[in-house]
Amino acid sequence: MGISFYTCANCQRNFPDCGDYFNCFTCGEHFCNTKCADMQVEENLEDPDGEEDYEEITTCKMCRKESATDNQLLNFLLGHFKLTYEQAMELYRNGEQGNISGAS
């Protein structure tokens, strides 16, 4: 069994899986610790049948959309401005920053 290394989705620090870290089961992101993930435990007090059910749901700042990775922001902006990755690279290569409405 080997050691795997992950990059924290929040602070970008690399960490091994043999120490303390937090893996959000809701969105799948890895964090170097629960503080960096801003982990919150929410209780779902009812199930669909109306009976009390004390299932705990753990969330992080990424799945609550309080923060985002660079890749998540890139994909959102590409979709928002209706650009493909290749089109964005062409704009970057040509230094055309002002051709996208709303860009400064």
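The values are calculated or read from the model by the stated rules, or taken from the named source; none is laboratory data. This is a predicted model, so every value here is computed, not measured. Glycine also receives a Cβ, built like all others from the backbone with ideal geometry; neighbour counts cover every protein chain displayed.
With the requirement that a residue be loosely packed, with under 11 Cβ neighbours inside 10 Å and either hydrophobic (A, V, I, L, M, F, W, C) or modelled with pLDDT under 90 (or both), what does the stretch 80-104 give you?
Within the stretch 80-104, Gly95, Gln97, Gly98, Asn99, Ser101, Gly102, Ser104 meet the criteria.
List every residue pair whose Cβ atoms lie under 8 Å apart, where the two residues are 6 or more positions apart in sequence or sit on different chains, the first residue falls within the stretch 15-44 and is assigned by TED's automatic domain parsing to the domain that holds Ile57, and the second residue, located anywhere, is part of a helix (DSSP H, G or I).
Phe22/Thr34; Phe22/Cys36; Phe22/Ala37; Cys24/Ala37; Glu29/Ala37; Phe31/Ala37
Within the stretch 1-14, how many residues are without any contact (Cβ under 8 Å) to a residue 12 or more places away in the chain and closer than 19 Å to Glu66 by Cα?
Result for the stretch 1-14: 1.
Could you list all residues from the stretch 65-79 that are under 14 Å from Ala37 (Cβ atoms) and either surrounded by 14 or more Cβ atoms within 10 Å (Cβ to Cβ) or modelled with pLDDT under 90 (or both)?
Hits for the stretch 65-79 are Ser67, Ala68, Thr69.
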